[in-house]
Amino acid sequence: MKFDLEKIPFSMPDSFMALSEENNRIFIRSVRGHIATPLIAGLEFRQRGKKCRYFYEADPVELLIRAEETKIRICFADSDTLLIESESVENNIECELFMNFDVAESFFDYIYEIPKEDGIHYMVNAAKNNCKYIISVQTGSAVVHQEWDERKSNHAGISFHPYHGKLSFSFSEVKTEWDEKIRHYCYQESLELRQREFTEFYRSMPETPEKYEETRRMAAYINWSAFVRADGFLTRRTMYMSKNQMCSVWSWDHCFNAMALAYYRPREAWEQFILMFDQQDMYGRIPDCLNDSEIIWNFCKPPIHGWALSKMMQHMTLSRQQKKEALDKLSKLTSWWFRYRDHDHDNICEYCHGNDSGWDNSTAFCALPPAELPDLQAFLILQLEVMEGLASDLGKELEAKTHHQKKEAVMQAMQKHCFLDNLPVAVSSGTHKLIKNESLLLYETIILGKRLPTEICEKMIQVLKGEKFLTDYGYATESPSSINYQSDGYWRGPIWAPSTMILLDGLQQCGEDELSVQVAEKFCDMIQKNGFAENFDALTGEGLRDRAYTWTASVFLVLANEFLLDRSQTIPSK
């Protein structure tokens with residue numbers, strides 16, 4: 001299985017380093033600190049002072065580069081350490097490797113030497129990344145190239161030179177201080193260990209129809225490599241949304257990853273689910289976004305957590321302690337919504353921004369929020385239902401009754417406020433003035449399934465079966481016939497994994513098995529052809545934005561398993 005470094009980064013679980021290609025150049029990157037992080041260093045290949053063309057092959061555990069007659073191999077010795085080896089076929093045409101740290105503006109980057117008994121080591125202070133790196137040469141030699149300018153080095157870089165055609169060195173992240181332990185790594189042993197780890201993870205992913213097996217393998221790699229270790233604000237081992245551009249975790253994205261892990265990795269599934277609740281504040285709110293060094297509170301995300309937990313519990317068993325923790329966290333979060341997001345006190349909660357819905361620029365928010373949308377009420381109803389079940393399991397019957405009564409009250413209020421002619425609508429909070437839009441967001445309400453009145457269910461299904469949103473690749477987030485439709489308009493047109501999964505779950509509950517299977521197959525075929533992008537052009541299926549997005553991989557695994565696997569096994573071979 002090979003992949004394109006322009007689309008999918010090369011990394012390993014728990015690491016904050018990744019390698020990518022940009023503008024025909026391979027870079028080592030850090031995924032610490034911010035959603036979009038600066039590059040650490042660019043790799044260049046030179047022969048007699050001139051840059052060489054290179055070709056590469058990337059697979060889950062090794063990056064192989066060929067430059068002239070030199071073969072460069074890169075793998076991870078551990079989550080902090082890259083091993084880099086090169087071997088030249090002929091000594092007289094050796095190709096040197098140059099690592100250029102002058103790839104992003106910084107006021108304090110520089111390199112200094114640390115002499116030790118076994119030779120000189122090199123410390124790179126990459127202030128632009130808030131990181132430091134120690135370089136230790138095992139075979140060959142290195143030369144530092146930099147111009148000191150009082151506070152930083154201009155044009156900082158290191159050239160590595162083979163010895164009798166061979167070169168090997170390690171590149172390790174150092175968070176605070178180097179412990180000065182001299183580590184000598186065996187490249188082949190490291191490579192084989194990484195291969196065993198990836199194979200074990202891949203085999204534990206949800207099964208899919210045979211035709212998607214290579215796609216399943218790639219989905220496994222994207223999720224496997226996207227983990228970072230607990231550090232800073234990350235209280236648990238965390239699957240990032242990507243190690244490309246979206247190097248953080250958002251408080252609904254993590255739920256989809258937890259659902260995919262729940263099949264055969266229940267401990268990791270629980271860790272991903274509960275992660276954001278570790279930062280739950282005194283009001284019950286959880287943050288919008290989180291990484292090792294930043295927490296964003298300006299927005300929130302929709303309360304899909306109860307629904308997600310119910311899906312997880314179809315594949316894993318919660319301990320009594322986990323049930324208690326889930327009930328406590330979900331109760332506080334749900335109370336926050338009704339206390340702080342029902343400004344006109346009509347028992348209907350509101351989004352204060354498109355970002356709060358997860359559909360950042362949806363046309364449902366073309367009027368100044370707060371806005372009352374039916375999908376939000378649907379998620380809260382399901383959350384209350386899950387809380388009712390957890391309370392009952394724990395013998396808290398009075399609490400269970402309270403959640404049940406609240407659920408019924410919200411259901412009645414939603415039917416009164418959020419539908420017109422049996423179709424879902426968005427209204428401004430307070431005035432209840434209709435917000436005209438053609439967003440698919442309102443139809444996520446179908447997730448309630450047969451809990452909805454029959455006439456509402458049938459009317460929404462009629463729309464979802466028609467051409468308003470459904471394309472050859474799945475459900476467009478804005479109707480292609482809308483004047484606001486944009487092919488690369490984020491939530492104003494493109495197909496997304498989470499909206500697809502939510503809709504299909506609701507349609508299946510309504511008994512629309514054939515439609516659910518058809519759309520799931522459209523979506524999975526699109527993924528097979530165009531990869532695990534953040535979203536997709538609804539009319540062409542082309543992948544858009546970040547091309548290695550974990551919730552896309554997770555949703556593919558769940559949909560291919562839940563909707564297509566049994567069906568593929570019952571089709572007789574021709």
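The values are calculated or read from the model by the stated rules, or taken from the named source; none is laboratory data. These numbers were taken from a predicted model, which means no experiment stands behind them. With ideal geometry, Cβ positions are generated from the backbone for all residues, glycine too; neighbour counts draw on all protein chains shown.
State all residues of the range 154-164 that are surrounded by 18 or more Cβ atoms within 10 Å (Cβ to Cβ) and over 16 Å from Lys128 (Cβ atoms); if no residue qualifies, say none.
Ile158, Phe160, Pro162, listed by residue number.
Considering every residue within the range 473-480, establish whether at least one is within 18 Å of Ala308 (Cα to Cα), hydrophobic (A, V, I, L, M, F, W, C) and touching a residue at least 60 places away in the same chain (Cβ under 8 Å).
no
For the range 184-271, list the helices (runs of 4 or more DSSP H) that sit wholly inside it and hold at least 3 residues that are basic (Lys, Arg); which are they?
Of the helices (runs of 4 or more DSSP H) lying wholly inside the range 184-271, those with at least 3 residues that are basic (Lys, Arg) span 187-203.
Which one of Phe198, Phe169, Phe227 is assigned by TED's automatic domain parsing to the domain that holds Glu68, surrounded by 13 or more Cβ atoms within 10 Å (Cβ to Cβ), in contact with a Phe, Trp or Tyr (Cβ under 9 Å, 6 or more places away or on another chain) and not charged (D, E, K, R)?
Result: Phe169 is the single residue among Phe198, Phe169, Phe227 that is assigned by TED's automatic domain parsing to the domain that holds Glu68, surrounded by 13 or more Cβ atoms within 10 Å (Cβ to Cβ), in contact with a Phe, Trp or Tyr (Cβ under 9 Å, 6 or more places away or on another chain) and not charged (D, E, K, R).
Could you count how many residues in the range 403-449 are touching a Pro at 6+ places or on another chain (Cβ under 8 Å), more than 15 Å from Ser357 (Cβ to Cβ) and part of a helix (DSSP H, G or I)?
2
How many of the residues making up the range 341-372 are under 24 Å from Gln486 (Cα atoms) and within 27 Å of the chain's Cα centre (by Cα)?
15
From the list Gly466, Gly449, which residue is on the phi > 0 side of the Ramachandran plot and out of contact with any Asp or Glu (no Cβ under 6 Å at 6 or more places or on another chain)?
Working: Gly466 fails: on the phi > 0 side of the Ramachandran plot.
That would be Gly449, the only listed residue that is on the phi > 0 side of the Ramachandran plot and out of contact with any Asp or Glu (no Cβ under 6 Å at 6 or more places or on another chain).
One line per residue, one yes/no per condition, for (1) hydrophobic (A, V, I, L, M, F, W, C); (2) in contact with a Cys (Cβ under 8 Å, 6 or more places away or on another chain); (3) modelled with pLDDT of 95 or more:
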site	(1), (2), (3)
Ser499	no, no, yes
Gln509	no, no, yes
Val519	yes, no, yes
Phe523	yes, no, yes
Met526	yes, no, yes
Lys529	no, no, yes
Leu544	yes, no, yes
Phe563	yes, no, yes
Gln569	no, no, no
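Is there a residue being free of Cβ contacts under 8 Å to residues at least 12 places away in the same chain, part of a helix (DSSP H, G or I) and over 16 Å from the mean Cα position of the chain (by Cα) anywhere in the range 503-513?
Yes, there is a match, as at least one residue in the range 503-513 is free of Cβ contacts under 8 Å to residues at least 12 places away in the same chain, part of a helix (DSSP H, G or I) and over 16 Å from the mean Cα position of the chain (by Cα).
Condition first: within 26 Å of Ser319 (Cβ to Cβ), assigned by TED's automatic domain parsing to the domain that holds Gln322 and not aliphatic (A, V, I, L, M). Can you find one or more residues in the range 417-426 that meet it?
no
Can you confirm whether the range 485-495 contains a residue that is on the phi > 0 side of the Ramachandran plot, modelled with pLDDT of 95 or more and buried (at least 23 other Cβ atoms within 10 Å of the Cβ)? Explain how you work it out, then say what you get.
As a first pass, look at the range 485-495 and keep what is on the phi > 0 side of the Ramachandran plot: 490, 493.
In the following step, the residues that additionally are modelled with pLDDT of 95 or more were identified as 490, 493.
Restricting the remaining residues to those that are buried (at least 23 other Cβ atoms within 10 Å of the Cβ) gives 493.
So far as the range 485-495 goes, yes, one or more of its residues are on the phi > 0 side of the Ramachandran plot, modelled with pLDDT of 95 or more and buried (at least 23 other Cβ atoms within 10 Å of the Cβ).
What's the number of the condition Lys459 fails, among (1) touching a residue at least 40 places away in the same chain (Cβ under 8 Å); (2) in contact with a strand residue (DSSP E or B) (Cβ under 8 Å, 6 or more places away or on another chain); (3) buried (at least 16 other Cβ atoms within 10 Å of the Cβ)?
(1)
Being of a type in the set (Asp, Glu) and more than 25 Å from Ala367 (Cα to Cα), is that true of even one residue in the range 431-445?
Looking through the range 431-445, none of the residues is of a type in the set (Asp, Glu) and more than 25 Å from Ala367 (Cα to Cα).
If I filter the range 47-59 for residues that are surrounded by 17 or more Cβ atoms within 10 Å (Cβ to Cβ) and closer than 30 Å to Arg236 by Cα, do I get at least one hit?
yes
Looking at the range 1-54, what strands (runs of 3 or more DSSP E) fall wholly within it and have at least 3 residues that are at pLDDT 95 or above and under 20 Å from the mean Cα position of the chain (by Cα)?
Passing ranges, in order: 17-21.
Check Ser554, Ser568 and return the single one that is crowded, with 20+ Cβ neighbours inside 10 Å, of a type in the set (Ser, Thr, Tyr) and not in a loop (DSSP other than H, G, I, E, B).
None of the others qualify; the one that does is Ser554.
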